[in-house]
C-alpha cells in the first residue's frame, strides 16, 4: 500500500464514483479501477460496492476513508516541515551572549528580525562569558555565541563581526579623575587601577596591555575582578578606575563616570561565532540575519 493508493481511494469516495474520480485525476478509468482493487487486495477487505450509478462505501471503507484523509494530511504536513527545516525555517537553536552585550541594540535587532522572519525556529538563549561559550560551541552544546576574540587560527570555528565596541575609562564619580579627566593613558600611571587576570580572557588582556605600553602607561593594579560586572562594582565602590566596554554604562550606577581617553583607541570586535562544520540551515539563516544587522 502506497500513498498514491490512498489518494486514489479518497478521490473515488469524494467524487462518488470511479469514472468521475478518473476524470478528476486525469487517469484512465480501468487503471483507477485496478488501483482500487489492488488496495482492497492488500487490505483484505472490500472498500467500495459498485452500483449502477456510482459506488457506496462499506463499513470498512468509511473507516478507511477517515484514516486515509488523516494520513494524507500528515504526509503533506511532514513534507512541508521537511522543506521548511531544510530552508532554515523550522528547528531550534542554542545561542549564547555575554551578559552585558544582551543589552546592545544590535543584538536586540538581530533577535527581533530573526524572530519576525523565521517564527518556526525556537531559540534557547544563554548568558555566559566568552570562554565557556567557546567550549559550548566546540562541544556542540551551543550552536553559536556572541563574544570577543575567538581563538585565532582555529579553523574549526567560523565567525562574523556584528559590532565594534569602544572602550572607556570608568572612574568613581567622587574621584579626582572625574573632576579632572585625563587626556591620555599615561596620566593614569599613579592611579589605583582595577584589572582582571590574564587567564580570564588572554586575547583581550594582551591587546589592552599592548595599547597601554604603546601609550606609556603601566597600570598600578590594586584590585582584581574576573569579569566586567565585578570590575564595575569595584569602581562603584570607589576602589579605583578601570577600562570597560562602552556597553557597561547602560546599567552602571550613578557613582560611576565614563570618560573617553584619546589614546585608548581600541575597538573590540563583538563576533558571532559558530562551528564551521555546523551545517544547520536554521543557523545559516541566523548568520545571514546577523550580518544584515552588523554595525561595524
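Numbers below:
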{"item": "Potential lengthening between residue 164 and residue 127 on full extension [0.36 nm per residue; Cα-Cα distance subtracted]", "result": "11.4 nm"}
{"item": "Within the chain, helix-based [θ] at 222 nm, where runs of 4 or more DSSP H residues each add -39,500 (n - 2.57), nearest 500", "result": "-13500 deg cm²/dmol"}
{"item": "Between 0 and 90°, nearest 10: helix 130-139 axis offset from the chain longest Cα axis", "result": "30 degrees"}
{"item": "Label zone at residue 278, where the point sits 7 Å out along the Cα-to-Cβ direction: region 122-141 residues whose backbone N lies under 14 Å", "result": "122-128, 132-141"}
{"item": "46, 261 arranged by Cβ crowding within 10 Å, fewest neighbours leading", "result": "46, 261"}
{"item": "Tilt relative to the chain, helix 3-15 - C-alpha long axis, 0 to 90 degrees, to 10", "result": "60 degrees"}
{"item": "Residue 213 paired with residue 29, simple spin-label distance in nm, labels 7 Å along Cα-to-beta-carbon", "result": "9.4 nm"}
{"item": "Footprinting exposure proxy for 1, 111 (fewest neighbouring C-beta atoms within 10 Å first)", "result": "1, 111"}
{"item": "Taking region 163-268 and dividing mean pair separation by its residue count, relative contact order in percent (alpha carbons under 8 Å, at least six apart)", "result": "50 percent"}
{"item": "Shape of region 163-268, Cα gyration tensor, a/c cut at 1.5", "result": "rounded"}
{"item": "Most to least packed among 50-61, 277-288 [average Cβ atoms within 10 Å]", "result": "277-288, 50-61"}
{"item": "Most to least packed among 223-235, 64-76 [average Cβ atoms within 10 Å]", "result": "223-235, 64-76"}
{"item": "Separation between Cα centres of region 1-56 and region 64-85, rounded to whole Å", "result": "20 Å"}
{"item": "Additional length obtainable on full extension of the chain from residue 189 to residue 41, 0.36 nm per residue less Cα span", "result": "44.0 nm"}
{"item": "Angle in degrees between helix 105-117 and the longest Cα principal axis of the chain, rounded to the nearest 10", "result": "0 degrees"}
{"item": "Those residues of region 33-68 whose amide nitrogen sits under 19 Å from the label point placed on residue 7, 7 Å along Cα→Cβ", "result": "33-40, 65-68"}
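Only the coordinates and a few stated rules stand behind these numbers; no lab work does. The model shown is predicted, which means the values in this text are computed figures rather than measured ones. Don't worry about glycine lacking a Cβ; one is built from the backbone with ideal geometry, like all the others, and counts go over all protein chains shown.
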